[in-house]
Amino acid sequence: MISKDVQKAVGFLNRGEVVAIPTETVYGLAGNIFDKKAIDSIYAIKKRPRNNPLIVHINNVEKLSSVASEIPDIAHKLAAHFWPGPLTLLLKKQVNIPDYITAGKPTVAVRVPDHPIAIQLLADLDFPLAAPSANPFGRISPTTVEQVDSYFSNEIKMVLDGGRCKKGLESTIVGFEGEDVIVYRLGSISREDIERVIGKKTLLVNKEENSPKAPGMLLKHYAPKTKMYLVDNVNTAIQTIDKERVGLLLFKEPIENPKIAHKIVLSSAGDLEEAAYQLYEAMQTLDKMNLDYIIAERFPAFGIGNTINDKLERASVQ
Ligand code: AMP
Ligand code: MG
């Protein structure tokens, strides 16, 4: 069922059911963090490996100390600046946070989503929500109710309709190690934005092999079923096309070529935010077109262009 009724969602969640909920990043599959059965269902529905922990969602910064402990000043500063918003903080967990949320780790990932319906829902519940992206493990994250429904119409009782996600990329995950501020996942907030707030550089530790702290940073992720190739120069790549049905995923220039079966331009204005907003839906659209493969254009390497490139790399043939 797709519904805008927040109280219905409250009822399901209070009874330990899983509900898909809107956030500003992508739709999440939400459950009570203190209900092991609900959390087990989230992992089962997503087919997500148990060593991949979940993000805890709270509705205001005052609740942070009930979820995390030993919070560094710099974390408070980031929370004050970016919450509600797409920034996830990785902190030492409070004793009452269950191990099945953190995959047995001493750390917990936590954020305040910037979506009025998610905030209202959390305010009406007396527990935080775990809410990983509402897609089967390894598939593209959903930014619309229709996409959630096409993944899980048989598995979940309710999708809470909050419209299309206004950011369209996951949250940026940040942790703290001594004096260092470490970005474990590139997301909707750029490293440059974080660095402006903290007044120093961040470290990027976001590949599985060098990131024991944040499992789930799999190199292959967010992938369409159709093969995708990420290229620096689309015109050069077009010259080597040897198949009938090839699609293009482009940043701003609408390349015309008779060899191309379908193309999507993410932002003809050249706006990275707009491109991020369109990205996952465009990947879904191309994936449904029976293409032989997709050629994706690499984005400029600054701001959330770096995040988009990271997502495209994980979605592409390496
Ligand atoms: P998703 O819920 O699909 O947006 O993915 C959440 C990601 O957050 C996981 O893949 C982990 O990399 C990261 N994460 C969540 N909780 C923790 C934790 N306690 N320690 C380290 N990383 C975490
Ligand atoms: Mg995910």
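The values are calculated or read from the model by the stated rules, or taken from the named source; none is laboratory data. Every value quoted in this text rests on a predicted model; they were computed, and no experiment measured them. Positions of Cβ are generated from backbone atoms using ideal geometry, with glycine treated the same way; all protein chains shown enter the neighbour counts.
From the list A75, A103, which one is of a type in the set (G, A, S) and closer than 22 Å to G31 by Cβ? It would help to see each step written out before you state the result.
Numbers: A75 fails: closer than 22 Å to G31 by Cβ.
None of the others qualify; the one that does is A103.
In the range 153-191, what residues are more than 19 Å from the chain's Cα centre (by Cα) and either part of a loop (DSSP other than H, G, I, E, B) or within 16 Å of ligand 2 (Cβ to nearest atom) (or both)? Selection gives S153, N154, E155, I156, K157, G178, E179. Among the strands (runs of 3 or more DSSP E) confined to the range 226-318, the ones with at least 3 residues that are in contact (Cβ under 8 Å) with a residue 12 or more places away in the chain and aliphatic (A, V, I, L, M) are located at 228-231, 246-250, 293-297. State which residue pairs qualify: first residue in contact (Cβ under 8 Å) with a residue 60 or more places away in the chain and inside the range 39-51, second residue buried (at least 20 other Cβ atoms within 10 Å of the Cβ) and of a type in the set (V, I, T) in any location, beta carbons under 8 Å apart, and separation of 6 or more residues or different chains. Short answer, once both residue conditions are applied: I39/I33; I39/I101; I42/V18; I45/V18; I45/I156; R48/I42.
For the range 123-132, the count of residues that are surrounded by 19 or more Cβ atoms within 10 Å (Cβ to Cβ), more than 16 Å from ligand 2 (Cβ to nearest atom), at pLDDT 95 or above and not hydroxyl-bearing (S, T, Y) is at least one. Residue pairs whose Cβ atoms lie under 6 Å apart, sitting 6 or more positions apart in sequence or on different chains, and linking a residue in the range 86-113 that is of a type in the set (F, W, Y) to a partner that is modelled with pLDDT of 95 or more and more than 9 Å from ligand 1 (Cβ to nearest atom), are Y100/K36; Y100/I39.
Determine whether the range 192-207 contains at least one residue that is of a type in the set (A, V, I, L, M), assigned to a strand (DSSP E or B) and over 12 Å from the mean Cα position of the chain (by Cα). Among the residues of the range 192-207, at least one is of a type in the set (A, V, I, L, M), assigned to a strand (DSSP E or B) and over 12 Å from the mean Cα position of the chain (by Cα), which makes the answer yes. All of (1) acidic (D, E); (2) within 16 Å of R111 (Cβ to Cβ); (3) surrounded by fewer than 20 Cβ atoms within 10 Å (Cβ to Cβ) hold for E179 with one exception: (2). Which one is farthest from T102 (Cα to Cα) among residues in the range 24-34 that are buried (at least 20 other Cβ atoms within 10 Å of the Cβ) and more than 10 Å from ligand 1 (Cβ to nearest atom)? Looking at residues that are buried (at least 20 other Cβ atoms within 10 Å of the Cβ) and more than 10 Å from ligand 1 (Cβ to nearest atom), I get E24. Considering N96, N52, N60, the condition of being surrounded by fewer than 18 Cβ atoms within 10 Å (Cβ to Cβ) and either within 11 Å of ligand 1 (Cβ to nearest atom) or under 19 Å from V181 (Cα atoms) (or both) is satisfied by N52 alone. Among the residues of the range 108-163, those identified as among the β-branched types (V, I, T) and touching a helix residue (DSSP H, G or I) at 6+ places or on another chain (Cβ under 6 Å) are V108, V110, I140, T143, V159. Per this entry, V112 is counted among residues that are more than 9 Å from ligand 1 (Cβ to nearest atom) and touching a Phe, Trp or Tyr at 6+ places or on another chain (Cβ under 8 Å). For the range 115-152, the set of residues classified as within 16 Å of ligand 1 (Cβ to nearest atom), assigned to a loop (DSSP other than H, G, I, E, B) and of a type in the set (S, T, N, Q) consists of N135, S141, T143, listed by residue number. In the range 35-49, the qualifying residues are those that are within 11 Å of ligand 1 (Cβ to nearest atom) and touching a Gly at 6+ places or on another chain (Cβ under 9 Å), and the one that is modelled with the highest pLDDT is I42. Does K92 satisfy the condition of being over 19 Å from D193 (Cβ atoms), assigned to a loop (DSSP other than H, G, I, E, B) and of a type in the set (D, E, K, R)? When the stated conditions are applied, K92 does not pass them.
For the condition within 20 Å of the chain's Cα centre (by Cα) and surrounded by fewer than 20 Cβ atoms within 10 Å (Cβ to Cβ), what is the one hit in S66, S41? Going through S66, S41 in turn, just one is within 20 Å of the chain's Cα centre (by Cα) and surrounded by fewer than 20 Cβ atoms within 10 Å (Cβ to Cβ): S41. The range 1-81 holds strands (runs of 3 or more DSSP E) entirely within its bounds, and those carrying 3 or more residues that are within 29 Å of R164 (Cβ to Cβ) and within 14 Å of ligand 2 (Cβ to nearest atom) map to 28-32. V10 meets the stated requirement of being of a type in the set (A, V, I, L, M), surrounded by fewer than 20 Cβ atoms within 10 Å (Cβ to Cβ), in contact with an Asp or Glu (Cβ under 7 Å, 6 or more places away or on another chain) and touching a residue at least 60 places away in the same chain (Cβ under 8 Å).
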